[in-house]
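See structure below.
The values are calculated or read from the model by the stated rules, or taken from the named source; none is laboratory data. The structure presented is a predicted model; accordingly, all values stated were derived computationally and were not measured. Glycine gets a Cβ as well: all are built from the backbone with ideal geometry, and neighbour counts include every protein chain shown. Accessible surface areas use protein heavy atoms only, side chains included; no ligands, DNA or RNA. Shrake-Rupley method; radii C 1.70, N 1.55, O 1.52, S 1.80 Å.
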Amino acid sequence: MTSLQTNSFPATPELPSDSGSQVQQPPTLLSPCDMGRFSLSHRIVLAPLSRLRSYNFTAQPHAALYYSQRATMGGFLIGEASGISETAQGYPNTPGIWRTEHVEAWKPIVKAVHDKGGLFFCQLWHAGRVSYRSFQPNGDPPISCTDKPPATEKDICGSTVPEYPPPQPLTAEGITQVVNDYRVAARNAMEAGFDGVEIHGGNGYLIDQFLKDQVNDRRDDEYGGSLENRCRFALEVVKAVSEEIGGHRVGIRLSPFANYNDCGDSDPEALGEFMCKSLNRYGILYCHMIEPRMVTQFEKREGEGRSLLAMRKAFKGMFIVAGGYDKEEGEKVIRNGGADLVAFGRLYLANPDLPKRFELGAALNEYDRSTFYTHDPVIGYTDYPFLEMH
Ligand code: PHB
């Protein structure tokens, strides 16, 4: 098996150069990995998972237990989507990172992860048009690149939602304001103690709405029309956040192939590759891509021969993949050089000691989908059992 050759920055460390005549072993999920200035002890990442348990849009003390249960020495956790401003929310009980109270609420949670030696990034999120007036200040319409609402689909909880209202398209001044909101939110995340931030650029939320031509199809300014123009907003956010906290602390999550929230693109390969090449300008730490097989939020489909490989090659930083991975597929993508790290959502949610279980080849707890998005501070949240060690 040959490793994919990439000109990764920072250099992927898995193959020591001074190994003399020893046969070089390909990395595994449990191999250490230098992610920029951060030293990871394994490659199993907690995916960003909304759990809807942050009452009043504020992270709660029970999150300290939840995240610390999943923290390992040198393991990497990505926090759930956190709203960057008062217009950012679209679901009940998601946390914010725009107010001082939000920052204070995150501090003990971040500390609990650090106390176990974990590395913790805050995911910065804006729902854009996937929202209702009831979530918006003064009952205003939600914001987007367009005035076209998403078609009503099932929401993240799997229930059919009420019709979305037509959003208000952002003006150029409005865009400048939102870019600044991301900047301030990144600063707030650092103030809360996070090690860095992941910009949520996927899954049909605000940034993705600008990126995709099936949503961003009616602007005639520099933020709409051509591929380059549709990517402008995302890249302005990346630039602002990187200038604020340093590109070495910034990642981005993208889902070019997905059409969650009625947000698809006619040429996802071109979009993904253009973004990856453009991101190299900012020297950010990582790009976190969702696999093409995750076309919808709820089930894995065949990827129809589509793959992330061209994007992996185009991007010079660390590459994280996500989307329905199990241990075997995770080992394979790491071994083949298709990714540096693999993010696990459902499996990690249900197995607080997932790295240990993978290491031992132990059986996994099954996840209970019915409690993914309920609001209980314990059930389906912090009550999944650990392996019993005798
Ligand atoms: C998602 O990325 O799918 C997502 C983000 C934020 C939420 C729920 C889902 O609150």
Six or more apart or on different chains, Cβ under 8 Å: which pairs go from a residue in the range 369-390 that's among the basic types (K, R) to one that's in a loop (DSSP other than H, G, I, E, B)? Could you list them?
-> R369/G158
Residues within the range 57-67 that are of a type outside the set (V, I, T) and either in a loop (DSSP other than H, G, I, E, B) or within 15 Å of the ligand (Cβ to nearest atom) (or both), tallied = 5
Candidate set: the range 224-237, residues that are in contact (Cβ under 8 Å) with a residue 60 or more places away in the chain and open to solvent by less than 10 Å² (accessible area, probe 1.4 Å); chosen: the one farthest from the ligand (Cβ to nearest atom) = G224
Just need a number here: residues in the range 82-101 that are within 13 Å of the ligand (Cβ to nearest atom) and outside any loop (DSSP other than H, G, I, E, B).
-> 3
Between residues in the range 189-215 that are at pLDDT below 95 and residues that are within 16 Å of the ligand (Cβ to nearest atom) and open to solvent by 10 Å² or more (accessible area, probe 1.4 Å), which pairs lie under 7 Å by C-beta distance while being six or more apart or on different chains?
-> none
Among (1) part of a helix (DSSP H, G or I); (2) open to solvent by 10 Å² or more (accessible area, probe 1.4 Å); (3) in contact with a helix residue (DSSP H, G or I) (Cβ under 8 Å, 6 or more places away or on another chain), the one test that D265 misses = (1)
Expected single match for within 11 Å of the ligand (Cβ to nearest atom), under 18 Å from the mean Cα position of the chain (by Cα) and among the basic types (K, R) among R70, R51 is R51
Among G75, G83, which is the only one that is buried (at least 22 other Cβ atoms within 10 Å of the Cβ), in contact (Cβ under 8 Å) with a residue 24 or more places away in the chain and closer than 21 Å to G201 by Cβ?
-> G83
Among R335, R293, R346, R357, which is among the basic types (K, R) and in contact (Cβ under 8 Å) with a residue 40 or more places away in the chain?
-> R335
Which of the residues spanning the range 151-193 are more than 16 Å from the ligand (Cβ to nearest atom), open to solvent by 60 Å² or more (accessible area, probe 1.4 Å) and not in a loop (DSSP other than H, G, I, E, B)?
-> T160, Q168, P169, E173, T176, Q177, N180, R183, V184, R187, E191
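One line per residue, one yes/no per condition, for (1) open to solvent by 10 Å² or more (accessible area, probe 1.4 Å); (2) under 18 Å from A71 (Cα atoms):
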| site | (1), (2) |
| --- | --- |
| E273 | yes, no |
| R281 | yes, no |
| M311 | no, no |
| A350 | no, yes |
| D353 | yes, yes |
| K356 | yes, yes |
| L364 | yes, yes |
| Y373 | yes, no |
| G380 | no, yes |
Residue among G79, G74 that alone is within 17 Å of P352 (Cα to Cα), modelled with pLDDT of 95 or more, small (G, A, S) and in a loop (DSSP other than H, G, I, E, B) = G74
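Here is a yes/no grid of residues against (1) of a type in the set (K, R); (2) modelled with pLDDT under 95:
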| position | (1), (2) |
| --- | --- |
| A127 | no, no |
| R133 | yes, no |
| I143 | no, no |
| P150 | no, no |
| T160 | no, yes |
| E163 | no, yes |
| L170 | no, no |
Does any residue of the range 194-204 turn out to be open to solvent by 40 Å² or more (accessible area, probe 1.4 Å) and either in contact with an Asp or Glu (Cβ under 6 Å, 6 or more places away or on another chain) or more than 16 Å from the ligand (Cβ to nearest atom) (or both)?
-> no
Any residue in the range 141-149 that is within 15 Å of the ligand (Cβ to nearest atom) and among the β-branched types (V, I, T)?
-> no
From A258, A240, grab the single residue that is open to solvent by less than 10 Å² (accessible area, probe 1.4 Å) and within 16 Å of the ligand (Cβ to nearest atom).
-> A258
Return yes or no: is P137 at pLDDT below 95 and open to solvent by 10 Å² or more (accessible area, probe 1.4 Å)?
-> no
